[in-house]
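Notes for the one structure printed next.
The values are calculated or read from the model by the stated rules, or taken from the named source; none is laboratory data. As the structure is a prediction and not an experimental result, all values here were calculated from the model. Cβ placement follows ideal geometry from the backbone for every residue including glycine, while neighbour counts extend to all protein chains displayed. Areas reflect the complete protein model, heavy atoms only, side chains present, ligands, DNA and RNA absent. Shrake-Rupley method; radii C 1.70, N 1.55, O 1.52, S 1.80 Å.
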Amino acid sequence: MVDWLSDSDDSDKFEWESDAEAEPSSAPALRNLDAAGPSTLVRQGSNGWANGEAPPTSLIEGYVGMGFTEEMVVKGIKEIGHNDANALLELLLTYQAIGDDAAVGNCSTSGSIPQSMEDDSDLDSEYWDGDDDADGGEPKSDGSSDEDFLQEMSEKDKKINSLVAMGYPEDEANKAITRCGVDAPLSVLVDSVCASQAAGEYEVITGRCSGLFGGRKKARLMEESKKKRKRCGGGAQRSRPPSDDESMPLPNPMVGFNLPGDMLRTVRRTLPKQAIGPPYFYYENVALAPKGTWNKISRFLHEIEPEFVDSKYMCAAARKRGYIHNLPYENRKDILPPAPKTIFEAFPHYKKWWPSWDHRKQLNCLQTSISSAKLTERIQHALASSSNPPPPSVQKYVMKECKKWNLVWVGKNKVAALDPAEYEYLLGFPRDHTRGPGKTERYKSLGNSFQVDTVAWHLSVLKDMFPNGVSVLSLFTGIGGGEVALHRLGIHMRAVISVEISEVSRRILKGWWDQTQTGTLIEIADVQTLTYDRIASFVDRFGGFDLVIGGSPCNNLAGSNRHHRDGLEGEQSALFFEYFRILDDVKSAMSRMRILKGWWDQTQTGTLIEIADVQTLTYDRIASFVDRFGGFDLVIGGSPCNNLAGSNRHHRDGLEGEQSALFFEYFRILDDVKSAMSRM
């Protein structure tokens with residue numbers, strides 16, 4: 001037998017003789033949800049026990065030891081017997097999920113207890129085959145009309161869609177509806193799915209249950225069930241928003257609020273007053289983040305609902321991202337020309353060598369690194385040594401690596417990684433946008449960038465709102481995906497303050513800017529050096545910011561980081577809080593500017609010049625104002641009283657205090673004014 005190693009994990013061997021019969025497993029067989037349910041197979045004896053056989057006392061004690069009440073265990077055994085331990089455990093977990101009282105009291109086989117069911121595909125064909133006889137066939141055994149039947153199927157589809165939207169697999173949702181009935185409340189269906197999942201995590205040995213992952217696993221699954229029931233309407237706290245320790249359900253399909261060419265979906269989003277722009281803000285990060293991450297991000301950004309989008313609906317490569325923004329979502333416009341949506345639309349020349357057994361239409365998410373030459377050589381050797389078409393085991397190995405590394409067919413039995421120019425094309429950047437640095441740096445910077453077509457779709461609403469152009473504060477800029485999106489939309493950027501720590505990325509942006517733009521670009525290396533005073537000075541200089549855009553590092557959020565996936569507490573991803581701080585400072589500085597300026601514009605005809613920081617008012621600046629206006633007739637002001645007021649018991653330090661010491665700035669500036677006017 002020949003073993004082939006994958007670059008993804010050198011310890012994992014791929015065995016070519018996988019088609020041979022597997023050795024019998026010593027592990028017990030998992031429960032089969034597709035088999036006929038116990039309620040159709042069990043008879044009860046005169047003593048009330050299923051099949052007339054009383055269970056051993058040790059069996060009941062075993063389930064009681066797991067946390068179930070004795071009354072609940074007895075109820076379950078009487079209902080379905082104790083021969084199928086997995087089915088009994090599933091039933092007990094279902095009882096517990098819907099509440100002990102309901103389980104022991106009124107719960108029946110027509111409600112949430114597992115029912116007899118068949119394979120999902122058989123169920124679907126059984127339902128819809130009935131339509132062939134609708135005009136003259138035999139009526140259905142339950143006597144219902146075709147109209148009732150169609151209404152029931154419509155209701156079933158709605159509930160399946162609701163469960164899928166909450167993150168449950170479609171097949172589990174279908175089975176839950178089959179078990180509990182179409183009329184079952186959504187909260188009961190959630191319980192049934194969770195109970196089924198929980199039961200699948202356990203094995204029962206000789207009548208005593210031992211958790212594969214311990215009792216805490218069961219408790220966690222049950223707790224998740226309760227939380228999801230509350231979110232879907234079950235329980236008392238219906239309006240409670242998800243807490244930080246809950247997962248935010250991701251939509252399926254992940255298409256955001258709308259897509260180009262689609263009708264606007266029903267989106268109920270009410271922005272709080274403090275979130276209404278300008279400034280408009282736009283924050284991006286990976287959708288598949290650790291549990292609770294998006295709840296926390298949303299909480300810091302005004303509880304705004306994220307817009308989750310997989311870029312495979314916008315281009316030929318997947319890229320699952322979440323976006324929180326306060327932009328309007330009506331009247332979006334697609335950039336032209338639209339991006340290719342399939343591999344062959346993007347790269348038609350690869351079709352010549354593409355094997356019939358590689359069914360990929362799109363590529364997976366573009367990563368920051370590519371496969372090694374060693375791997376592609378190994379694949380070529382494996383295919384050359386195989387028949388045509390290769391056996392299933394070889395196909396499986398090759399396809400696994402092709403999907404993981406986005407390998408494309410460039411010759412007979414020959415695969416290769418995409419080159420940086422192809423990355424640029426798929427991500428919506430102009431050709432040679434990243435040319436200059438080495439290939440490693442190009443792949444890294446492109447793998448961390450925005451997908452331009454997706455971002456442009458969201459930002460397109462700004463074009464009509466700002467016909468004279470925009471001023472942008474771009475945080476964690478990278479290679480300028482947001483800037484390229486605005487440029488491709490035809491939106492003039494009057495000024496961009498770009499904050500990016502990578503020198504390579506800053507050079508790439510500067511090179512593109514000098515070739516294409518006429519506005520002002522100011523580059524800053526470290527986001528933590530962007531203080532309130534510095535922000536306020538930019539607000540004064542450019543009249544505020546129309547857009548604050550950025551996506552903080554995903555290093556501690558991405559699933560590929562197995563060792564340091566620490567969420568927003570991770571060293572890199574904690575920089576999200578810098579985005580939040582800076583956005584708050586921008587709003588504060590712009591609010592201060594708007595109050596005085598708003599009054600001035602309403603009442604005055606003279607010149608108003610606003611300066612944020614008194615310490616930036618140097619002698620030279622004062623002298624220029626003296627020359628421009630012929631001096632000052634009045635110098636008026638009052639320095640902060642923070643360290644003077646009696647209410648400040650802890651820091652009443654007089655003029656030595658940090659804030660009240662600014663009195664000496666008043667004295668300095670008054671002296672500079674006198675000196676400059678004396679010179680004049």
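Just the number please: accessible area per residue for region 247-365, 1.4 Å probe, all protein chains included, in Å².
About 48 Å² of surface per residue is accessible.
Quick one: putting +1 on the C-beta of Lys and Arg, -1 on the C-beta of Asp and Glu, what dipole do you get for region 240-373 around its Cα centre, in Debye to the nearest 20? Show your work: numbers first, answer last.
Numbers: 19 positive and 13 negative charges, 45 e Å.
Value, rounded to 20: 220 debye.
Within region 571-633, what whole-number % of the accessible surface is contributed by carbon and sulfur, with the 1.4 Å probe and all protein chains included in the calculation?
Values: 1990 of 3860 Å².
Carbon-and-sulfur percentage of accessible area, whole number: 51.
Roughly how many percent of the accessible protein surface of region 370-457 is carbon and sulfur, given a 1.4 Å probe and a whole-percent answer? Can you show the working numbers first?
Values: 1950 of 3890 Å².
Answer for region 370-457: carbon and sulfur cover 50 percent of the accessible area.
Here's the picture: a label point sits 7 Å out from the Cα of Glu503 along the beta-carbon direction, and within region 510-553 nothing has its amide nitrogen under 12 Å of it. When Ile611, Ile304 are compared by accessible area of protein heavy atoms, the largest-first order is Ile611, Ile304, using a 1.4 Å probe. I'd like the FRET efficiency for Asp464 and Thr69, computed as 1/(1 + (r/R0)^6) with the beta carbon distance as r and R0 of 60 Å, rounded to 0.05. Given R0 = 60 Å and the Cβ-Cβ separation, E is 0.40. Between Trp599 and Asp671, the modelled labels are 3.1 nm apart [label points 7 Å from Cα along Cα→Cβ].
What a 1.4 Å probe finds exposed on region 303-366 is 55% carbon and sulfur by accessible area, rounded to a whole percent. For region 573-680, the extents of the C-alpha atoms along the principal axes are 53, 35, 30 Å, listed from largest to smallest.
Loop only per DSSP, at most 15 neighbouring Cβ atoms within 10 Å: give me the chymotrypsin sites (Phe, Trp or Tyr not before Pro) in region 339-405, ordered by residue number.
Trp357
Given all pairs of different Cα atoms, what value in angstroms does the Kirkwood hydrodynamic radius of region 246-404 take? Mind dumping the intermediate values first?
Values: mean 1/r = 0.0529 Å⁻¹.
The Cα-based Kirkwood calculation yields 18.9 Å.
Here the extension length gained between Glu658 and Val410 equals 82.5 nm, from 0.36 nm per residue of separation less the Cα-Cα distance.
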